Each structure stands twice: as structure tokens, then as C-alpha cells.
Amino acid sequence: MKKKVLSYSTDEIEVSWDKERCIHAEECVHGLPNVFDPKKKPWIQPEHTSTDDLIEVIERCPTGALHYELMKSDKAEQPPEQNVITIEKDGPIYIHGEVVIRDMDENIVLQDTRVAMCRCGKSKNKPLCDNSHIEAGFKADTTYNVERLRTEPVNGKGGELSIKLFDNAPFLVQGNYDLVGEETGTETCSKKMSFCRCGGSQTKPFCDGTHKKIGFVSE
Ligand code: SF4
Ligand code: FES
């Protein structure tokens, strides 16, 4: 996973931005246009607003490219009460929650509150999205088969949402979560599910084994 983190500070807050994880031109630029302005240098100027407003907008960055650290307080971003997995049309899978991503040997690859997982199979920054779906012309709607999530009872709310990466194969989600797809709606569940990350499944966002047929490779 690539990382290129730049920092921008006032005496109250340090804003960090990971260039490799930034794919989305909506939340920050539209939320605080006088602070986040790609036409200016530096493009983030945190001194132009209050710390509270900055925190509010940073926590809406869906990829986790933006984070902050407070200089005069121990207060830090908290995961939401319930983990939320959102299917983006023709794009990644956004996860907001207590996310812990591990490899097949159980090593922690990333721990975060916000991530964008590649689901077109083309990212050069797997397992995260790097916007390659646009160039690849990836097409996928936001529907999902609700019945597949209803085969196990809901165990509660929130807590760790474990994401396990299988080599050349899907990622496995384990924990309590809401699955959100604009077209199908929201389903609250605790079902262990494999999500497609090769882009080829006929039962998206879930894996149907197509990764083997198409020889998907995920380093
Ligand atoms: S909200 Fe996050 S991902 Fe979107 S443009 Fe801003 S920093 Fe990049
Ligand atoms: S990862 Fe795409 S079908 Fe399994």
C-alpha cells in the first residue's frame, strides 16, 4: 500500500492528507472551499476556519485521505456507533467504522475509521481505491441480494469490523455492519461475507468465484 502524507498545521490542529488515498473531489472542497482549494498553494489552509469546522469536514472524507491531530487536547476521532459499508455506483466500497484490515497471516495492514476499498480490480494501490475504476470504465450498480445477509441473526451494533484480505481473491468482512446501496437500501447484519475485489463477479458486491476464472492478481 502506497503512502504519501503531507501535513498542514495551526497551533491547534495538524491536518494530514495522504495523496495516495485521495480520490474524491466532493466533501472537503465543497465543505470548506476557503480551506481546501486545489488551485491554491498549499491546497489546504487550515487557518481559514475554526478547528471544529475542520474536524467536521475531515471526518466526512470517505477515503481516509484526511485525518487530524489536536495539539492541545487528547480528543480524537471516534468510529461511528455502527459500522457502515456503502456501495458506490461504478466505484469503490466505502467503509466507515472500526476498521481493521489484516492479511492472510493475520498481520494488521491498516487500522482506520474510513477507507475506500477497490472493487474494480484495477487499483495500483490495492486493497485501496486509487480512482483506476474511471480509466477502466468500471460499471457496477448499487444493488445487492438482501436475502444472502439474512441467513444469520444480527448480533448487535458496532465493534470491530474485521476485513481479511485473501491473496488474488476477495476480502472477507466480519462484524456488525449496515450495508448501504442506493438502489437496494440499507440492511443491518452480522453476516460474514466475501466482497468481490476483482471486478468480475456476477453477484456484486459479493464474490462469486470469478476471480479464479479471470486470474485476478492482488499483490
Ligand atoms: S474528501 Fe478526502 S478523498 Fe475527497 S478530495 Fe477531500 S481529501 Fe480527497
Ligand atoms: S473477488 Fe471478484 S468474484 Fe471473487
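No lab work stands behind these numbers, since they all come straight from the coordinates. Quick caveat, the model's predicted, so the values are computed rather than measured. Here the Cβ is made from the backbone with ideal geometry for all residues, glycine too, and neighbour counts use every protein chain on show.
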Residue in the range 96-113 that is surrounded by 21 or more Cβ atoms within 10 Å (Cβ to Cβ), touching an Asp or Glu at 6+ places or on another chain (Cβ under 6 Å) and of a type outside the set (Phe, Trp, Tyr) present: yes
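Yes/no per residue for (1) within 16 Å of ligand 2 (Cβ to nearest atom); (2) under 27 Å from Thr86 (Cβ atoms); (3) touching a Phe, Trp or Tyr at 6+ places or on another chain (Cβ under 9 Å):
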| position | (1), (2), (3) |
| --- | --- |
| Glu14 | no, no, yes |
| Asp18 | no, yes, no |
| Gly31 | no, yes, no |
| Pro38 | no, yes, no |
| Trp43 | no, yes, yes |
| Ser50 | no, no, no |
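Just to verify a result, which residue in the range 79-123, among those that are without any contact (Cβ under 8 Å) to a residue 12 or more places away in the chain and assigned to a loop (DSSP other than H, G, I, E, B), is nearest to Lys212 (Cα to Cα)? Break it down into steps so the answer makes sense when it comes.
Within the range 79-123, the subset without any contact (Cβ under 8 Å) to a residue 12 or more places away in the chain is 105-108, 123.
If we keep only those that are assigned to a loop (DSSP other than H, G, I, E, B) as well, we get 105-107, 123.
Details: Asp105: 21, Glu106: 23, Asn107: 24, Ser123: 18 Å.
The qualifying residue nearest to Lys212 (Cα to Cα) is Ser123.
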Scan of the range 14-44 for residues that are out of contact with any strand residue (DSSP E or B) (no Cβ under 7 Å at 6 or more places or on another chain) and part of a helix (DSSP H, G or I), ordered by number: Glu20, Glu27, His30, Gly31
